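Have a look at the structure below, then the notes.
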Amino acid sequence: MPASSEDARRLLLEAAGLTVLGAPDEAGLPSPGEVWQSVAGFLVEPDATVPLSTSDWAAQVDEHWLRLSRESELLAPDGTFLIHVGGHGMGRLGWALVRWNDDAHLAAHLTDGPQQPEFVAMARDGHTSCGVTTEEYDVWLVRSTPVPGKAPGN
């Protein structure tokens, strides 16, 4: 059994195929809550959707996430980025610094229940983010440009 929420998150991220590098210096970065608001707000439109009725929904979510993340330069040249998991009681934790691995499977592991992927990722400098949320019958992937200290609509 993990000793703490941080240990549980590390094990979950490793099970998803990511290399956990620790906690970043979060000074000047948008908080996970601010990023969640920017990708899951009432007026948000998805950049991609994947129906949960699709047999390979998790693989499709991962493909879209990787494409959107590369297009927006969310992944640093060395494959590092920040991630926050919404499920498993980890919502109060800050960002985790991780490295992408080609065998990673985020949607199947970073969930808030069966077929409910819930996570946000952000570039290390905070310039862009991409969230994955479950919305009734689909998984939504949403890119945003979070602004530290400013929630959407302010």
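Every number in this text was worked out from the coordinates using simple rules, so none of it is lab data. Keep in mind the model is a prediction, meaning the values are calculated, not measured. Virtual Cβ from ideal backbone geometry, glycine too; neighbours counted across all protein chains shown.
Assorted remarks:
- Here the Karplus curve 6.51 cos²θ - 1.76 cosθ + 1.60, taken at θ = phi - 60°, turns the phi angles of the stretch 79-87 into couplings of x, 8, 6, 9, 9, 9, 9, x, x Hz, with x standing for Gly and Pro.
- Cβ charges +1 (Lys, Arg) and -1 (Asp, Glu), total dipole of the stretch 1-93, debye: 240
- PRO51 sits among other residues whose Cβ lies under 12 Å from its own Cβ, and their net charge, with Lys and Arg +1 and Asp and Glu -1, is -4.
- Built amide H within the under 5 Å cut-off of ASP138, gap 5+: LEU52
- Length-normalised contact order of the stretch 1-91 in % [C-alpha pairs under 8 Å, at least 6 apart]: 27
- Distant-in-sequence amide contacts of THR80, defined by a placed amide H-H separation under 5 Å and a gap of 5 or more residues or a different chain, comprise TRP100.
- With contacts taken as Cα pairs under 8 Å and at least 6 residues apart, the chain reaches a relative contact order of 34 percent.
- Virtual spin-label span in nm between ALA59 and ASP25, 7 Å along Cα→Cβ: 4.2
- Rh by Kirkwood over Cα pairs, then Stokes-Einstein D for the stretch 15-97 at 1.002 mPa s and 20 °C, µm²/s: 146
- Given charges at Cβ of Lys, Arg, Asp, Glu: the stretch 1-100 dipole, positive-most of LEU18, TRP100, LEU74: LEU18
- The packing ranking, built from the mean of other Cβ atoms within 10 Å per residue, places the peptides 58-67, 121-130, 7-16 in the order 121-130, 58-67, 7-16, highest first.
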